[in-house]
């Protein structure tokens with residue numbers, strides 16, 4: 001493999017990732033790069049496993065979605081084992097002879113898959129992220145393929161972490177805004193101070209076992225406490 005040329009390609013891809021307008025676009029650039037840079041890779045996608053539910057991001061082909069849905073339906077496959085056992089790399093070298101996942105492998109072979117390689121991105125609570133690479137040929141992936149896959153997976157992990165942080169920040173800002181609006185309504189209607197209005201919301205939330213954001217939302221919609 002021309003590692004010098006590959007290094008230039010990775011540098012270009014890294015610059016491209018910084019220019020992407022969204023997390024979705026970043027993940028799409030990563031999976032597209034997998035098909036361009038990883039020897040043997042015909043299709044790629046990012047899978048998120050939340051408990052027993054599977055979500056697919058940035059698939060480059062329908063077979064990626066089909067494979068993920070197959071694992072979800074069967075509750076069996078490399079991604080489920082990776083979640084339980086924290087495997088960093090999981091591979092099916094040849095779908096025609098592989099025996100580890102007897103329910104998943106035969107129907108996956110019918111999808112036209114010959115081999116597969118996946119990289120664990122992170123585990124938190126019951127969540128698993130994985131960059132999955134597929135080939136229509138058996139034994140398509142080499143040690144060089146695995147090295148390149150690891151490099152791409154590191155970029156995918158950063159993108160997913162960024163998405164998580166961005167979502168949390170947006171939710172926090174939205175919650176702060178709606179609580180502030182609800183406090184303003186209570187202050188105006190009942191002649192309360194800012195501290196008193198917040199204390200009313202907090203105590204109602206605790207007494208009724210309802211999230212503070214939900215209490216604030218109801219105040220904003222109805223003009224008063226439920």
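The values are calculated or read from the model by the stated rules, or taken from the named source; none is laboratory data. No experiment lies behind these values; they were computed from the predicted model shown. Here the Cβ is made from the backbone with ideal geometry for all residues, glycine too, and neighbour counts use every protein chain on show.
Flag: residue 24 does not match the condition of being surrounded by fewer than 22 Cβ atoms within 10 Å (Cβ to Cβ), more than 21 Å from residue 76 (Cβ to Cβ) and in contact with a helix residue (DSSP H, G or I) (Cβ under 7 Å, 6 or more places away or on another chain).
Residue 64 satisfies every condition listed in (1) farther than 14 Å from residue 138 by Cα; (2) over 20 Å from the mean Cα position of the chain (by Cα); (3) at pLDDT 90 or above except (2). If you go through segment 192-209 one residue at a time, do you hit one that is surrounded by fewer than 16 Cβ atoms within 10 Å (Cβ to Cβ) and at pLDDT below 85? Looking through segment 192-209, at least one residue is surrounded by fewer than 16 Cβ atoms within 10 Å (Cβ to Cβ) and at pLDDT below 85. Can you find a residue in segment 104-113 that is more than 15 Å from residue 65 (Cα to Cα), assigned by TED's automatic domain parsing to the domain that holds residue 144 and either modelled with pLDDT under 85 or touching a helix residue (DSSP H, G or I) at 6+ places or on another chain (Cβ under 9 Å) (or both)? No. Scan segment 80-102 and give yes if some residue there is part of a helix (DSSP H, G or I) and in contact with a helix residue (DSSP H, G or I) (Cβ under 6 Å, 6 or more places away or on another chain), otherwise no. Checked against the condition, which is being part of a helix (DSSP H, G or I) and in contact with a helix residue (DSSP H, G or I) (Cβ under 6 Å, 6 or more places away or on another chain), segment 80-102 yields no hits at all. Just so you know, in segment 117-148 the residues that are in a strand (DSSP E or B) and modelled with pLDDT of 95 or more include one that is farthest from residue 88 (Cα to Cα), and it is 135.
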